[in-house]
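The values are calculated or read from the model by the stated rules, or taken from the named source; none is laboratory data. Quick caveat: nothing in here was measured; it's all calculated off a predicted structure. Methodologically, a virtual Cβ is constructed for each residue, glycine included, from the backbone with ideal geometry; neighbour enumeration extends over all protein chains shown. These area figures cover heavy atoms from the full protein model, side chains too; ligands, DNA and RNA do not enter into them. Shrake-Rupley method; radii C 1.70, N 1.55, O 1.52, S 1.80 Å.
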Amino acid sequence: MVSPDRPGAGVIWARVEEGFHVGSRKGMFLGYIDRQADGGYLAFDGSSRVVGRFRTLTAAMAAVTNGQPPQDEVITLRQVRVPAPRAIEEDTA
């Protein structure tokens with residue numbers, strides 16, 4: 001019997017197509033893995049942020065399953081005010 005507290009317990013991986021796998025646990029989306037042309041695997045979390053690049057599918061699955069933090073920086077959005085374009089007045093003379 002497998003302990004439900006063990007990392008990876010209850011995780012289901014589905015191969016959607018060749019080289020593309022999606023992971024879930026109890027119906028909750030965990031992330032996905034995409035095989036690259038060079039044979040490596042890019043793993044993404046549930047927010048589509050890169051978790052890491054891995055040599056093997058099982059290593060990529062473990063990273064997504066165990067909730068490894070993403071390897072990207074926080075994106076900060078700022079409001080930029082751009083003046084609205086003015087209408088061009090035609091010369092009617």
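Take the residues of the stretch 43-52 that are under 9 Å from the mean Cα position of the chain (by Cα) and not hydroxyl-bearing (Ser, Thr, Tyr): which is most open to solvent (accessible area, probe 1.4 Å)? Lay out the reasoning, then the answer.
First, the residues of the stretch 43-52 that are under 9 Å from the mean Cα position of the chain (by Cα): 43-51.
Adding the requirement that they be not hydroxyl-bearing (Ser, Thr, Tyr) leaves 43-46, 49-51.
On the way: ALA43: 0, PHE44: 29, ASP45: 23, GLY46: 38, ARG49: 102, VAL50: 52, VAL51: 1 Å².
Residue satisfying both the conditions and the ranking: ARG49.
Give the stretch 19-29 a look and list any residue that's at pLDDT 95 or above, open to solvent by 30 Å² or more (accessible area, probe 1.4 Å) and not aromatic (Phe, Trp, Tyr), or say none.
Residue satisfying the conditions is VAL22 alone.
Residue-wise test of (1) part of a helix (DSSP H, G or I); (2) modelled with pLDDT under 75; (3) out of contact with any helix residue (DSSP H, G or I) (no Cβ under 9 Å at 6 or more places or on another chain); (4) open to solvent by less than 40 Å² (accessible area, probe 1.4 Å).
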| position | (1), (2), (3), (4) |
| --- | --- |
| PRO7 | no, yes, no, no |
| GLY39 | no, no, yes, yes |
| ARG81 | no, yes, yes, no |
| ALA84 | no, yes, yes, no |
| ALA87 | no, yes, yes, no |
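Assess whether ARG55 counts as being of a type in the set (Lys, Arg), modelled with pLDDT of 95 or more and surrounded by fewer than 15 Cβ atoms within 10 Å (Cβ to Cβ).
Working: of a type in the set (Lys, Arg): yes; modelled with pLDDT of 95 or more: yes; surrounded by fewer than 15 Cβ atoms within 10 Å (Cβ to Cβ): yes.
So ARG55 passes the test.
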